[in-house]
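These notes are about the structure you will find just below.
The values are calculated or read from the model by the stated rules, or taken from the named source; none is laboratory data. Not measured: the values here are computed from a predicted model. Note that we place each Cβ from the backbone using ideal geometry, even for glycine, and neighbour counts take in every protein chain shown. The protein model used for the area step is the full one, side chains on, heavy atoms only, and it has no ligands, DNA or RNA in it. Shrake-Rupley method; radii C 1.70, N 1.55, O 1.52, S 1.80 Å.
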Amino acid sequence: MDATPALDPVALVRRFHAAISMLDFAAIEAFFTEDATYSSGKIGGPRGRADIMVAFRRYFAEYPDQIAQDSLIEPLSPVSARSIWHLTATSRLTGKQLRREGEEIVTFDRDGRIVSVEVTDR
């Protein structure tokens with residue numbers, strides 16, 4: 001019998017998004033496995049925790065005032081969850097307002113660390 005406690009992917013996504021909202025880069029980094037993947041139209045497709053964090057830091061250097069909200073977070077499997085989200089932010093470089101909405105699928109390993117994120121804008 002497996003004594004590993006069941007993951008709650010919805011709670012994990014909420015914690016991950018809270019770390020992003022607080023721009024807590026140490027907490028964000030701790031969520032990812034060493035070889036995680038991240039696919040997003042805005043930050044590209046970095047592979048590996050180090051490249052993902054470079055992309056996150058670059059994005060938030062330009063959009064430090066981002067406000068994101070989830071309208072739905074639901075489990076897809078015992079190790080994955082889907083969120084429907086929308087956000088607004090202002091480019092520090094151009095002053096233009098960014099508005100995005102979309103879907104994010106986050107998959108975790110058995111230890112609750114992110115192995116993949118797939119972001120699709122709508």
Checklist entry - Of all the accessible heavy-atom surface of the chain, with the other protein chains kept in place and a 1.4 Å probe, what percent is carbon and sulfur? => result 52 percent
Item to check | Efficiency of FRET between Arg110 and Ala18 - r from beta-carbon atoms, R0 22 angstrom, step 0.05 | outcome: 0.50
Next on the checklist: If you take every residue apart from His17 with its C-beta less than 10 Å away from the C-beta of His17, what net charge results, scoring Lys and Arg +1 and Asp and Glu -1?
Outcome noted: 0
Next on the checklist: What's the magnitude of the charge dipole for the chain around its Cα centre, counting Lys and Arg as +1 and Asp and Glu as -1 at the beta-carbon? Answer in Debye, nearest 20.
Outcome noted: 480 debye
Item to check | Inverse of mean 1/r across different Cα pairs in the range 35-103, Kirkwood, Å | outcome: 13.4 Å
Checklist entry - For the chain, what is the accessible area per residue in Å², given a 1.4 Å probe and the full set of protein chains? => result 57 Å²
Checklist entry - How far is helix 49-62 tilted, in degrees, relative to the longest principal axis of the Cα atoms in the chain, given as a value from 0 to 90 rounded to the nearest 10? => result 30 degrees
Checklist entry - Which whole number of Å³ per residue matches the convex hull of the alpha-carbon atoms in the range 75-120? => result 85 Å³
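Could you give the alpha-carbon Rg of the chain over 2.2 N^0.38 Å, rounded to two decimals?
On the way: Rg = 14.4 Å, N = 122, 2.2 N^0.38 = 13.7 Å.
Ratio of Rg to 2.2 N^0.38 Å for the chain: 1.05.
Between Thr120 and Glu103, 0.36 nm times their residue separation minus their Cα-Cα distance comes to what? Before the final figure, lay out the partial values.
On the way: separation 17, 0.36 × 17 = 6.12 nm, distance 0.52 nm.
Extending this stretch completely gives an extra 5.6 nm.
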Checklist entry - How far is helix 9-21 tilted off the main Cα axis of the chain, in degrees rounded to 10, range 0 to 90? => result 30 degrees
